[in-house]
Each structure stands twice: as C-alpha cells, then as structure tokens.
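**Q** Can you read through this structure? Questions will come right after.
Rule-based calculations on the coordinates, nothing more; no lab input. Remember, predicted model here, so these are calculated numbers, not experimental data. Ideal geometry is used to build each Cβ from the backbone, glycine not excepted, and the neighbour counts take in all protein chains shown.
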C-alpha cells in the first residue's frame, strides 16, 4: 500500500476537524471553502477577460461545445 503524504493545507484541515466533529461544523466549513474558491475563480476569470484571453466569442464557443463528445 502506498503512503499518502499530506501537504500543509490538508494537515491544517485535518486538525480543524479534530476540534469540531459536528455535521453543522462540516457544513459551515464547506460554505467557507466554497466562497474562498469562488472568489479565486472570479479573480482568475476577471484577469482572463481583462487580458483579452477570454471574450464573449470564446464564452459562446465554450457554451456550444459538447464536452461528452471529446
């Protein structure tokens, strides 16, 4: 069996779970992580738009792509 090495973020999250093992705590943590990654994604998309790497034509092309056929 291969050993998994955790990165510092994973270790920190595991330690947090030791403190609050409730379902409510889990849901709150999921919400925090959701908002964190949503902000990061929006910032990255804004950068792509501002640098011209993403525009309405590209969004339309992506919207029309059948990813199941790839």
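**Q** Nearest 10 degrees, 0 to 90: what angle lies between the long axis of helix 8-19 and the longest principal axis of the chain (Cα atoms)?
**A** 50
**Q** Test of understanding: in a Gaussian network model of the chain with alpha carbons linked when under 10 Å, which of 20, 46, 60 would top the mean-square fluctuation ranking?
**A** Among 20, 46, 60, the largest mean-square fluctuation in the Gaussian network model of the chain belongs to 60.
**Q** FRET efficiency for residue 44 and residue 9, Cβ-Cβ distance as r, R0 = 25 Å, nearest 0.05? List each step's numbers first, then the result.
**A** Working: r = 18 Å, r/R0 = 0.74.
My answer for the efficiency is 0.85.
**Q** Now, a different point. Taking the Cβ of each residue in 28, 2 as the centre, tally the other Cβ atoms inside 10 Å and list the residues starting with the fewest.
**A** Taking fewest neighbouring Cβ atoms as first place, the list is 2, 28.
**Q** Give me 5, 32 ranked fewest to most by other Cβ atoms within 10 Å of their Cβ, as a rough exposure proxy.
**A** Numbers: 5 7, 32 10.
By the 10 Å Cβ count, ascending: 5, 32.
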